[in-house]
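The values are calculated or read from the model by the stated rules, or taken from the named source; none is laboratory data. Quick caveat: nothing in here was measured; it's all calculated off a predicted structure. All Cβ positions, glycine included, derive from the backbone under ideal geometry; neighbour counts span all protein chains shown.
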Amino acid sequence: MPTLDTLFQDAWIRAALQTALLLLLAWLGALVAGRVLARSMAAISRRTPWRWDDALVAHGVFRRLAQVVPPLVVAYGFPLIAGVPAWLQRAVANASLALVVLFTVLAVNAALTALEQAFSASRDVRNRSVKGYVQLLKILVFAVGGIVIVGILIDRSPMTLLAGLGAVSAVLLLIFKDTILSVVASIQLRSNDMLRVGDWIEVPGDNVDGFVIDVALHTVKVQNWDKTVSTVPTWHLISQSYRNWRGMYESGGRRIRRAIHIDITSVRFLEDAEVAELARFHLLDGYFERKQAELGEWNAALGDAGKLPINQRRLSNLGTFRAYMQGYIHAHPHLNHDMLCTVRQLDPGPTGIPLQIYAYTAATDFVPHENVQADIFDHLIAILPEFGLRLFQQPSGADVRAALGQREVVVSGSA
């Protein structure tokens, strides 16, 4: 029966015991690293006011770093075991070093994710997305890590692999075409500050109209007004035009460009009694005096011809109402008077004469802007009959019935 001394004299048994001891040491190293590094950093992060260390702990960065210890112990301890073939030592050491690189890459990936989350949570840069840059760095880290791992496993220099990639560069460009385009587009969008999270954009070619909720390396997510989410390739925003409404919000004014359509048949000159009646409107203070003085000079310059009404320039109800509209929007407290504020008479057409308000509300949000715009036109439509004008409207069924009823009355009266 062999004794303990004879067992230890067997090279394979001695190598097996040393290997078991090495694995035990690697396990203890992982246990100590996990407890010391991960727990100590978690305790430190709870005591600091910073967010980045909390994010690093939450994403398991230090746990990934602790996983590097066991393969590192095996990589440098296994070649010291006597009695093991050289090829096996080299294979185990290379595999262990490959695991070291893998866990390091995973730790860097988790760290980048944590820092991106901490950066996005900052109030100063809440609308600026670095997700595209982080994803680009992750691609580079994984690419370099993959090349290093392959080089270690086949026992070749990573530079040799990089030199070999030049021969298949055309194939790589074809495979990663979208990624390369997205990288270039992301750099252009961010360097020129063309897009931020929270921007309202319109991309007519992709039927997109809403707010940007995420900007990544390959895609931009937009929540449309109907609450659907559209995903637009990043390079689409460079290859075609799109509209960004951020400038409207930053300017402090949102445009009103809406018209009241006046029935052409209701336009006429004003009589003296009507002028006296309309002069009571405080928004027309000074208008009649200025206008009558101007018209008086014009008519006087005509001589005797200016005494005939047919040759005279006179006040019209349409021009007076346009002056009232101008005075009303200039006095309105919810419009931005540092911007253009005017009333335009557009070309007459089948829908009457459009009197368009071109102004800007001080409120840029959707609901306040619409409320101000509606209040303005509610008032103008309601006061329109005071000027002897009618709003143009397509004939409805009630109009047809009223016309037929009047015709029946006329016919029966004549009979």
Quiz item: In segment 51-109, which residues are at pLDDT 75 or above, within 19 Å of Leu21 (Cβ to Cβ) and not hydrophobic (A, V, I, L, M, F, W, C)?
Solution: Pro70, Pro71, Ser96
Exercise. Specify the residue that is modelled with the lowest pLDDT; the eligible residues are those in segment 131-146 that are of a type in the set (Val, Ile, Thr) and surrounded by fewer than 17 Cβ atoms within 10 Å (Cβ to Cβ).
Key: Ile139
Quiz item: Within segment 356-392, can you find the residues that are assigned to a helix (DSSP H, G or I), within 30 Å of Glu250 (Cβ to Cβ) and among the acidic types (Asp, Glu)?
Solution: Glu370, Asp375, Asp378
Exercise. For segment 277-290, state whether one or more residues are more than 21 Å from Asp347 (Cα to Cα), buried (at least 18 other Cβ atoms within 10 Å of the Cβ) and in contact with a strand residue (DSSP E or B) (Cβ under 9 Å, 6 or more places away or on another chain).
Key: no
Quiz prompt | Matching residues, segment 218-270, being surrounded by fewer than 18 Cβ atoms within 10 Å (Cβ to Cβ), in contact with a Gly (Cβ under 7 Å, 6 or more places away or on another chain) and among the aliphatic types (A, V, I, L, M) | solution = Ile264
Quiz prompt | Test set (1) loosely packed, with under 12 Cβ neighbours inside 10 Å; (2) at pLDDT below 80 - Pro204 fails condition number | solution = (2)
Self-check item: helices (runs of 4 or more DSSP H) within segment 226-282 that include 1 or more residues under 46 Å from the mean Cα position of the chain (by Cα) and modelled with pLDDT of 90 or more
Solution: 246-251
Exercise. Residues being in a helix (DSSP H, G or I) and without any contact (Cβ under 8 Å) to a residue 40 or more places away in the chain: count how many of those fall in segment 319-338.
Key: 5
